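Below is one structure, written out as structure tokens; the observations come after it.
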Amino acid sequence: MNPILLIVTIAGLLDSQGEVACALYRSPSGFPMDPASAVRVKHPVQPGAVECRFPDLAPGRYAVAVSVDQNKNGKTDKNFVGMPTEPWGVSNNVRPKLRAPRFEEAAFSVAGPEPTRITIQVAK
């Protein structure tokens with residue numbers, strides 16, 4: 001099978017502070033907050049939108065988590081109850097109120113041969 005390209009457009013960036021970190025997960029393990037089990041791509045923030053590209057993927061189900069590290073401290077800052085205080089989003093734009101999104105809610109299929117394109121809206 002030919003490798004597949006995933007293009008993730010990150011929308012909702014309001015300023016030019018910090019870095020956008022995209023994490024691609026192939027399974028529920030670690031999703032959405034443990035980047036150790038993901039393939040990661042980082043880009044400087046640009047107002048408007050940023051693209052994260054993941055080449056050479058096998059067909060299957062994936063989920064993407066995005067965070068905007070506004071102060072460039074290398075992590076997603078959280079409040080005292082563990083909710084992110086910096087902009088974030090996941091594939092399928094799932095935003096549960098009182099818990100983290102689940103892999104199954106954010107999962108989507110890539111099959112090729114054309115690139116798969118998704119858009120994730122980030123917000124606080």
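The values are calculated or read from the model by the stated rules, or taken from the named source; none is laboratory data. The structure presented is a predicted model; accordingly, all values stated were derived computationally and were not measured. Cβ coordinates were reconstructed from backbone atoms using ideal geometry, including for glycine residues, and neighbour counts include every protein chain displayed.
Annotations for the structure displayed:
Results for (1) at pLDDT below 95; (2) in contact with a Gly (Cβ under 6 Å, 6 or more places away or on another chain); (3) in a loop (DSSP other than H, G, I, E, B); (4) of a type outside the set (D, E, K, R), shown as yes or no for each residue.
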| residue | (1), (2), (3), (4) |
| --- | --- |
| L6 | no, no, no, yes |
| G12 | yes, no, no, yes |
| S16 | yes, no, yes, yes |
| C22 | no, no, no, yes |
| P28 | no, no, yes, yes |
| P32 | yes, no, yes, yes |
| A36 | yes, no, no, yes |
| V41 | no, no, no, yes |
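- Residue count, segment 92-116 (criterion: in contact (Cβ under 8 Å) with a residue 40 or more places away in the chain and either part of a loop (DSSP other than H, G, I, E, B) or under 14 Å from L24 (Cβ atoms) (or both)): 14
- For segment 71-91, filtering for residues that are in contact with a strand residue (DSSP E or B) (Cβ under 9 Å, 6 or more places away or on another chain), touching a residue at least 24 places away in the same chain (Cβ under 8 Å) and not small (G, A, S) leaves 8.
- For segment 1-57, a residue qualifies if it is over 14 Å from the mean Cα position of the chain (by Cα), among the small types (G, A, S) and farther than 18 Å from F108 by Cα, and the qualifying residues are S16, G18, G48.
- Pairs are defined by a Cβ separation below 8 Å, a sequence spacing of at least 6 or placement on different chains, a first member in segment 10-26 that is closer than 11 Å to G89 by Cβ, and a second member that is surrounded by 24 or more Cβ atoms within 10 Å (Cβ to Cβ) and of a type in the set (D, E); no pair meets this definition.
- Taken over segment 43-85, the criterion of being closer than 11 Å to E19 by Cα, in contact with a Ser or Thr (Cβ under 7 Å, 6 or more places away or on another chain), modelled with pLDDT of 90 or more and not in a strand (DSSP E or B) is satisfied by V45 alone.
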